[in-house]
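The values are calculated or read from the model by the stated rules, or taken from the named source; none is laboratory data. Bear in mind that the values here come from a model prediction, so they are computed numbers and not experimental data. FYI the Cβ positions are ideal-geometry reconstructions off the backbone, even for glycines, and counts take in every protein chain you see. These accessible areas exclude ligands, DNA and RNA; they are computed on the full protein's heavy atoms, side chains included. Shrake-Rupley method; radii C 1.70, N 1.55, O 1.52, S 1.80 Å.
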Amino acid sequence: MDRVRLEYKSVLGFVAEEEIRRQGEAVLLAHKRLHAKGGEALGWVDLPVRRDLQQLDEVIGAADQIRSHSQAFLVIGIGGSYLGARAGIQMLSHSFCEVHYSSGPAIYFAGHNASSTYMADLLDLLDDRDISINVISKSGTTTEPAIAFRILREYMERRYGKRMAKERIFVTTDGKKGALKKLADEEGYTSFVIPADVGGRYSVLTPVGLLPMAVAGLDVEEIIRGAADAHARLGSSDLAKNDCYRYAVLRYLLYQKGKAVELLVSYEPCLQYFAEWWKQLFGESEGKEGKGIFPASCLYTTDLHSLGQYVQEGRRILFETVIDIERPRREVQIPEDSADRDGLNYLAGKTMDYVNRQALLGTLLAHTDGGVPNLILKVPQLSPYHCGELFYFFQKACGLSGYLLGVNPFDQPGVEAYKKNMFALLGKPELAQRRQELQGRLEDLTP
Ligand code: PA5
């Protein structure tokens, strides 16, 4: 079956079918809210089928231009403004793309931290290559990307001159407001709009994710096709027919039974950033009002040799959602060794993927026996189509999960707390009094 699908048999020892069925009504209500016309921040629900063809052409055109005249492409953004693109690019590219770009520029990310070492090291890479930049910020006011853009814009203008630099700077932001929008209009940068009704962490299928992914040479039309097919398949309000709603319900029921941590598990290293994207999606959407599953991730078999002990025998607060890739992108066979000094000849002629699969199955049994329920998401292969499908699957599951939990899955009030303190400590004039208070408290904390 060539589509993403959920298997949950191993969870039935922890959750009864009847408990799942009883959630049908709550799911129906949440479904109606998600599909309410004109609902706030719900633009992502129908986005894959709305298909703005003109915008898509412009994105692909800009990507072609960037690919033709750049050896390095810098994507500036934080949170929902970079994780989706990074996830898609890593999922679908060569594992060592830094040394294996056959065509198109190397891609670097910036503006997702405030580290001076990171920025200085990035600047070291630029001088002998032609550069293009895509700065992405919906609000246009987020500090980390704004600082990175200021530094890199100054670099570009020094190196290329203001007029030529302009041809190499691409902006993705709100269509009407924000400091970045104003700057882009004044400088005449090529700009792409993030729809007002699509929040950052639900924006991977807008130019936020599509432009960087197209620059990486990915087939973004196929990604959208996968998401559009998922939109159709996951459109039913009937819990029995909708895998993504069943996933949301199962994790909700597990949470009710004390499973407060969900580990997104994969056996493919190229899914590391997909897990980062997923963590941000669920963490920012659900973690509020003292509620929410804590989203974490593991890369197996690697982490079986670090966190595996805890998963097997530590506090029983975990469940796992395993992304099972059914066909690897590439295969490697284990050779025969006539002397068999390492005792591995029983595997000769088998593929590494065969080993990976037995590890997955063995771990599934061991963890389930150890009290860690396992949900399994079967993914036929890592292709652009299934990438789009996965993005849409989790976005919809996340929206529904938030409603089941009784929180607003589309705001993030808690993110403001650190910002207020940081701005005060940085000396923002209107926060002078708060700065004094904070400094007093810090003196107590840091002798
Ligand atoms: O999901 C969200 O809304 C956030 O994670 C934002 O994407 C993140 O804070 C970056 O915001 P902005 O795009 O406004 O710079």
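Looking at the stretch 397-413, is at least one residue small (G, A, S), within 16 Å of the ligand (Cβ to nearest atom) and open to solvent by 60 Å² or more (accessible area, probe 1.4 Å)? No: the stretch 397-413 contains no residue that is small (G, A, S), within 16 Å of the ligand (Cβ to nearest atom) and open to solvent by 60 Å² or more (accessible area, probe 1.4 Å). Only a single item in (1) more than 23 Å from the chain's Cα centre (by Cα); (2) away from the ligand (no atom under 13 Å from the Cβ) is not met by K177, and it is number (2). If you scan the stretch 290-324, which residues turn out to be farther than 21 Å from G402 by Cα and in contact with a Lys or Arg (Cβ under 7 Å, 6 or more places away or on another chain)? Across the stretch 290-324, the qualifying residue is only D324. Here E221 clears all of (1) more than 20 Å from L377 (Cα to Cα); (2) open to solvent by less than 40 Å² (accessible area, probe 1.4 Å) except the condition numbered (2).
Evaluating V193 against the criteria (1) within 24 Å of I107 (Cβ to Cβ); (2) among the aliphatic types (A, V, I, L, M); (3) crowded, with 24+ Cβ neighbours inside 10 Å leaves one unmet condition, (3). Looking only at the stretch 421-442, decide whether some residue is under 30 Å from S236 (Cα atoms) and surrounded by 18 or more Cβ atoms within 10 Å (Cβ to Cβ). No, the stretch 421-442 contains no residue that is under 30 Å from S236 (Cα atoms) and surrounded by 18 or more Cβ atoms within 10 Å (Cβ to Cβ). E40 meets the conditions (1) assigned to a helix (DSSP H, G or I); (2) within 27 Å of E221 (Cα to Cα); (3) of a type outside the set (V, I, T) in every case but one. The failed one is (1).
C244 meets the conditions (1) in contact (Cβ under 8 Å) with a residue 60 or more places away in the chain; (2) out of contact with any Gly (no Cβ under 7 Å at 6 or more places or on another chain); (3) surrounded by fewer than 18 Cβ atoms within 10 Å (Cβ to Cβ) in every case but one. The failed one is (3). Output yes when any residue across the stretch 122-143 is under 25 Å from the mean Cα position of the chain (by Cα), open to solvent by 50 Å² or more (accessible area, probe 1.4 Å) and more than 13 Å from the ligand (Cβ to nearest atom), and no when none is. Checked the stretch 122-143: no residue is under 25 Å from the mean Cα position of the chain (by Cα), open to solvent by 50 Å² or more (accessible area, probe 1.4 Å) and more than 13 Å from the ligand (Cβ to nearest atom).
Could you check, for the stretch 259-281, whether at least one of its residues is within 20 Å of L34 (Cβ to Cβ), touching a Pro at 6+ places or on another chain (Cβ under 6 Å) and either touching a residue at least 60 places away in the same chain (Cβ under 8 Å) or surrounded by fewer than 20 Cβ atoms within 10 Å (Cβ to Cβ) (or both)? The answer is no, given that none of the residues of the stretch 259-281 is within 20 Å of L34 (Cβ to Cβ), touching a Pro at 6+ places or on another chain (Cβ under 6 Å) and either touching a residue at least 60 places away in the same chain (Cβ under 8 Å) or surrounded by fewer than 20 Cβ atoms within 10 Å (Cβ to Cβ) (or both). If a residue must be hydrophobic (A, V, I, L, M, F, W, C) and open to solvent by 80 Å² or more (accessible area, probe 1.4 Å), how many such residues does the stretch 289-329 contain? The total comes to 2.
For the stretch 63-79, the condition holds for no residue, the condition being that it is open to solvent by 50 Å² or more (accessible area, probe 1.4 Å), farther than 23 Å from V193 by Cα and within 16 Å of the ligand (Cβ to nearest atom). S236: more than 16 Å from the ligand (Cβ to nearest atom) and crowded, with 19+ Cβ neighbours inside 10 Å, yes or no? It is false that S236 is more than 16 Å from the ligand (Cβ to nearest atom) and crowded, with 19+ Cβ neighbours inside 10 Å.
Can you find a residue in the stretch 211-227 that is modelled with pLDDT of 95 or more, within 16 Å of the ligand (Cβ to nearest atom) and either more than 30 Å from D130 (Cα to Cα) or in contact with a helix residue (DSSP H, G or I) (Cβ under 6 Å, 6 or more places away or on another chain) (or both)? Within the stretch 211-227, one or more residues are modelled with pLDDT of 95 or more, within 16 Å of the ligand (Cβ to nearest atom) and either more than 30 Å from D130 (Cα to Cα) or in contact with a helix residue (DSSP H, G or I) (Cβ under 6 Å, 6 or more places away or on another chain) (or both).
The selection criterion, being out of contact with any Asp or Glu (no Cβ under 6 Å at 6 or more places or on another chain), free of Cβ contacts under 8 Å to residues at least 24 places away in the same chain, open to solvent by less than 60 Å² (accessible area, probe 1.4 Å) and of a type outside the set (V, I, T), holds for R153. Restricting attention to the stretch 330-345, the residues that are open to solvent by 50 Å² or more (accessible area, probe 1.4 Å) and not in a loop (DSSP other than H, G, I, E, B) total 1. Whether a residue is within 16 Å of the ligand (Cβ to nearest atom) and among the aliphatic types (A, V, I, L, M) was assessed, and L250 does not pass this test.
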